[in-house]
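> Got a structure for you, written out below as structure tokens; questions coming shortly.
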Amino acid sequence: TLGDLNLDTLLSSGALDLSGYVARKIYTYTNNNLLVAFDDGTDSILVRIQKDFTLDTTFNSVGYLTLAGVTGVAGMYVDENNNIFVTGGSTTSWLQAFNNDGTTLTGFTSPTTNLSAGAYAVELQSLNRIVVAGQDASGGVLYGYTSTTGELDTMFGNGTPGIYKTNIAAPISDISIDNLDRITIVYANSGNTVIERVNSDGSAVDTLSSPT
């Protein structure tokens with residue numbers, strides 16, 4: 001085996017100092033390369049590592065990408081085209097999207113309408129709608145963004161265009177999207193764990209029995 005991955009050794013050239021950074025999310029590609037998201041409370045960094053534990057310099061030319069001024073990485077999703085979506089923020093959320101080579105996803109602008117109490121997860125529907133889960137002033141929410149522009153998708157939501165609301169004062173802590181683009185969500189309510197399935201357009205809860 002190649003042994004344990006020691007990032008201090010890997011980056012011993014001094015090009016990148018990860019002291020004080022914490023690994024938050026990791027993704028394994030089909031070729032066994034790794035994408036790891038770190039943050040230090042001030043900035044976030046994406047590092048792509050090849051299966052032989054060397055930096056993948058096809059990613060942003062140096063193997064890593066600094067996301068300056070954003071922190072609290074909570075969700076990372078890589079789609080079938082290897083586009084990368086990263087979200088986070090414990091108060092006002094943020095969402096950034098990148099091509100496989102680390103450049104900003106073509107046509108994408110980071111949203112200006114964000115979750116006001118933090119993001120917890122991100123996934124992509126087959127129709128290229130980005131879904132971010134978390135919490136705003138109303139409670140648990142899903143925000144639907146178009147992947148081409150980063151704007152709220154007004155075809156999504158159960159009241160406010162672009163937003164699905166549980167109206168429960170707790171964050172949606174995780175999501176999973178099925179092959180029909182329905183969104184299974186999980187959140188806490190009065191000490192109980194609630195699992196619900198939301199229609200693909202975020203208009204209503206679909207039929208799914210939650211555990212008691």
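Bear in mind these aren't lab numbers, they're just calculated from the coordinates by the rules spelled out. Since we're looking at a predicted model, the values are computed, not measured. Positions of Cβ are generated from backbone atoms using ideal geometry, with glycine treated the same way; all protein chains shown enter the neighbour counts.
> How compact is the chain by the rule of thumb for globular proteins, expressed as Cα Rg over 2.2 N^0.38 Å? Each step should come with its number before you reach the end.
Values: Rg = 17.8 Å, N = 212, 2.2 N^0.38 = 16.8 Å.
Cα-based Rg divided by the globular estimate yields 1.05.
> Could you work out [θ]222 nm for the chain from helices alone, using -39500 (n - 2.57) per DSSP H run of at least four and dividing by all its residues? Round to the nearest 500 deg cm²/dmol. Write out the running numbers ahead of the final one.
Details: 1 runs with 4 residues, N = 212.
When only DSSP H runs of four or more count, the value is -500 deg cm²/dmol.
> Can you figure out the FRET efficiency of residue 195 with residue 29, using R₀ = 35 Å and their beta-carbon distance, to the nearest 0.05? If you can, show how the numbers build up before the last one.
Details: r = 29 Å, r/R0 = 0.84.
Working from the Cβ atoms, E equals 0.75.
> Under the √(5λ) rule applied to the eigenvalues of the Cα gyration tensor, what semi-axes describe the equivalent ellipsoid of the stretch 54-156? Give them in Å, descending. Spell out each step's value before the answer.
Details: eigenvalues 109, 50, 23 Å².
After diagonalising the Cα gyration tensor, the semi-axes are 23, 16, 11 Å.
> For the chain, what's the relative contact order in percent, using C-alpha pairs closer than 8 Å and at least 6 residues apart?
Working: 516 pairs, mean separation 21.4, N = 212.
Relative contact order of the chain: 10 percent.
> Report the Cα centroid-to-centroid distance between the stretch 76-108 and the stretch 131-177 in angstrom, as an integer.
Using only Cα atoms, the two centres lie 17 Å from each other.
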